[in-house]
Amino acid sequence: MPQNLFSSLDFPSALLDNLEKMGYETMTPIQAASLPLSLAGQDVIAQAKTGSGKTAAFGLALLSKLNPRFFGTQALVLCPTRELATQVAQELRRLASYQQNIKVVVLCGGQSIGPQIGSLEHGAHIVVGTPGRIQDHLRKETLDLSQVSTVVLDEADRMLEMGFIEAIAAIVSVTPRSRQTLLFSATYPPDIERLSREYQSNPARVTVETTESKPAIEERFFEVSKEGKAQAMLALLSHFQPESSVLFCNTKQSVRDVVDELRSAGVSVDALHGDMEQRDRDQVLVRFKQKSLSVLVASDVAARGLDVDDLAMVMNVDMPRDPDIYTHRIGRTGRAGKSGLALSLVAKSEQYKLEHLSAFIERDFHKEAWQSLPLTREGLPKPLNCTVAVNVGRRQKIRAGDLVGAFVNELGIPGSALGNITLSENQSFVAVERGIAKAQLKKMLEFKVKGRAARARLLW
Ligand code: AMP
């Protein structure tokens, strides 16, 4: 077995399953080099950039020590900016989702402190935040770091550049001496060496040769009129032709309207919003994951259940008011080392949101016109696959491999035409390349899987 599989580490199987679900199979170089050390309890100083998988590198180490039944703060992650803290918290929540009730709280400036105090009162296993605001909480005695067992200094070089050295010192000094301290930094100026000497004990040094950089998310903004949004969406979909895309709206009504407009133009599209029955929501998610649905129109809350790693494109049909929501939405593309595309439609009435975002991220954005993009019906996204339902599932002890065997050997579908397989209690869903599914699975087929009679029916 290659050494860089997550399964070579001593993780609980639920965690390994979750990593697999997230599409993480092999460790990135920084993970492979640091995890064996950090899991053994060593302090680590690692040279790693954003995009290297560093968040999971320290995240898995701190999660492995967490006691979910104790609600005191056990891990503290210090980040230079609110944007990074938000991303780190998001990744930690995904990594921790195999366990129930792990609470991750973000403490950053620029937001009112009251609600933060409220969430801390309910207990937080993990605190992620910027040094200034964490200090505010320490002064107010609304945060207790006396039970912390892991401290992470993320992007330590940037924190030093931003003048956080004293704040870091004050914060780390109220954590137990017995803590484990993990330091991640893209560069190693002398100040970092000093920081490490001061706060780490016997740190193992990890450097990986890396050509990886932040997976590029290309962000583009298009000027639209309120009435012209539907036309703009169609033109952009037919121009960029993403295999899978999520279109974000701010309200349920907007989700419904967009679905109606796109559907009547012949796009393979469906909705995901909070008012849907769980069953309908699950079905939509399976179809989207299996690529038998190309475009998903979603509200932010509903999209939380979305766990798809190779999204080619996201589009903000409505600009979000909050820059954190913008970051969260666009972070759904460009995952797993792939490049991603994030488009935003900006109506005049939303211009102030774009300006707010630009001030927040400290970057200028310019708006483009979409009218010159050719709109062709042929260019509109079409699903790659069909979803085939089989009336046996986990309860019948069926595994994905059994279904592959049966589809290839009993139904004569080439293995190369099979995609994602999703098992539920009493049924399974198999993605089959569209052309082949339409030709060979027109009627319901009876066959045997693991010696059991089963039926396959083309669903979508
Ligand atoms: P980071 O450097 O922590 O910002 O991670 C960069 C991106 O890589 C994130 O989108 C992660 O979800 C993704 N990622 C981290 N570790 C792995 C892995 N072992 N396999 C695939 N993707 C990963």
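Per-residue surface analysis assigns R263 an accessible area of about 120 Å², computed on protein heavy atoms at 1.4 Å probe radius.
Among the protein heavy atoms, those of I436 account for about 40 Å² of accessible surface (1.4 Å probe, every chain in place). Sorted largest first by accessible area at a 1.4 angstrom probe radius, with every protein chain in place, the residues M319, M162 fall in the order M162, M319.
Give me the distance between the Cα centres of the range 59-107 and the range 161-176, rounded to whole Å. Cα centroid of the range 59-107 versus Cα centroid of the range 161-176: 19 Å apart. Backbone phi angles across the range 450-460, fed through the Karplus curve with coefficients 6.51, -1.76 and 1.60 (θ = phi - 60°), yield HN-Hα couplings of 6, x, 10, 6, 9, 10, 10, 9, 6, 9, 10 Hz in residue order; Gly and Pro are listed as x. Per residue, the range 215-379 exposes 45 Å² of solvent-accessible protein surface, assessed with a 1.4 angstrom probe and all protein chains in place. In terms of packing, defined here as the mean over residues of other Cβ atoms within 10 angstrom, the peptides 25-36, 249-260 line up highest first as 25-36, 249-260.
Could you state, as a whole-number percent, how many of the C-alpha pairs of the chain are farther apart than 34 Å?
For the chain, the fraction of Cα-Cα distances above 34 Å is 42 percent.
Near H125, the amide H atoms lying under 5 Å from its own belong to K103; only residues 5 or more places off or on other chains count, and H is placed 1.01 Å from N. Under 23 Å of direct C-alpha separation, and excluding same-chain neighbours fewer than eight residues apart, K450 reaches these lysines: K397. The Rg/Rh ratio of the range 40-97, with both radii computed over alpha carbons and Rh defined as the Kirkwood radius, is 0.95.
Out of all DSSP beta bridges with both ends in the chain, state the antiparallel percent to the nearest 5.
Once the DSSP bridges in the chain are tallied, antiparallel ones form about 25 percent.
Rounded to the nearest Hz, the phi-derived 3J(HN,Hα) couplings of the range 142-152 under the Karplus curve 6.51 cos²θ - 1.76 cosθ + 1.60 (θ = phi - 60°) are 9, 9, 10, 9, 6, 10, 6, 10, 10, 10, 10, where x marks glycine and proline. Among S119, F240, V206, flag the residue with its Cα farthest along the positive direction of the charge dipole of the chain, charges on Cβ as +1 for Lys/Arg and -1 for Asp/Glu. The residue sitting farthest along the positive end of the dipole is F240.
When each pair of different Cα atoms in the range 72-136 is counted once in the 1/r mean, what is the Kirkwood radius in angstroms, to one decimal? This gives a value of 11.8 Å. Gain on full extension, evaluated as 0.36 nm per residue between I117 and R139 minus their Cα-Cα distance, stands at 6.7 nm. Taking the helices alone, the chain has a mean residue ellipticity at 222 nm of -10500 deg cm²/dmol, built from -39,500 (n - 2.57) per DSSP H run of at least 4 residues and averaged over all its residues. The Cα center of the range 111-136 and the Cα center of the range 219-245 differ in position by 38 Å.
Computed as a quarter of the hull surface, the mean projected area of the alpha carbon convex hull for the range 160-246 stands at 11.1 nm². With all protein chains in place and ligands, DNA and RNA left out, the 1.4 Å accessible area ranks W460, W370 as W460, W370, largest first. With all protein chains in place and a 1.4 Å probe, the accessible surface of the chain carries 48 percent carbon and sulfur.
Residues S13, S245, S64, sorted by accessible area with the largest first, give S13, S64, S245 [1.4 Å probe; ligands and nucleic acids excluded]. Using Cα-only point scatterers and the Debye equation, what is log10 of I(q)/I(0) for the range 220-375 at each q in 0.10, 0.11, 0.17 Å⁻¹, rounded to two decimals? One equal scatterer on each Cα of the range 220-375 leads to -0.32, -0.39, -0.98.
Stokes-Einstein diffusion for the range 338-380 at 25 °C, viscosity 0.890 mPa s, with a Kirkwood radius from C-alpha pairs, works out to 191 µm²/s.
Taking amide H positions as modeled 1.01 Å from N, with prolines and chain starts lacking one, the residues under 5 Å from E218 and 5 or more places away or on another chain are G340, L341, A342.
Along each principal axis, taking the top coordinate minus the bottom one, the Cα set of the range 6-211 gives 44, 41, 30 Å in descending order. Candidate cross-link partners of K438 among the lysines, defined by an alpha-carbon separation under 17 Å and a same-chain spacing of 8 or more, comprise K291, K382.
The values are calculated or read from the model by the stated rules, or taken from the named source; none is laboratory data. None of these values were measured; they are calculated from a predicted model. Glycine also receives a Cβ, built like all others from the backbone with ideal geometry; neighbour counts cover every protein chain displayed. In case anyone asks, the SASA skips ligands and DNA or RNA and just uses the protein heavy atoms, side chains included. Shrake-Rupley method; radii C 1.70, N 1.55, O 1.52, S 1.80 Å.
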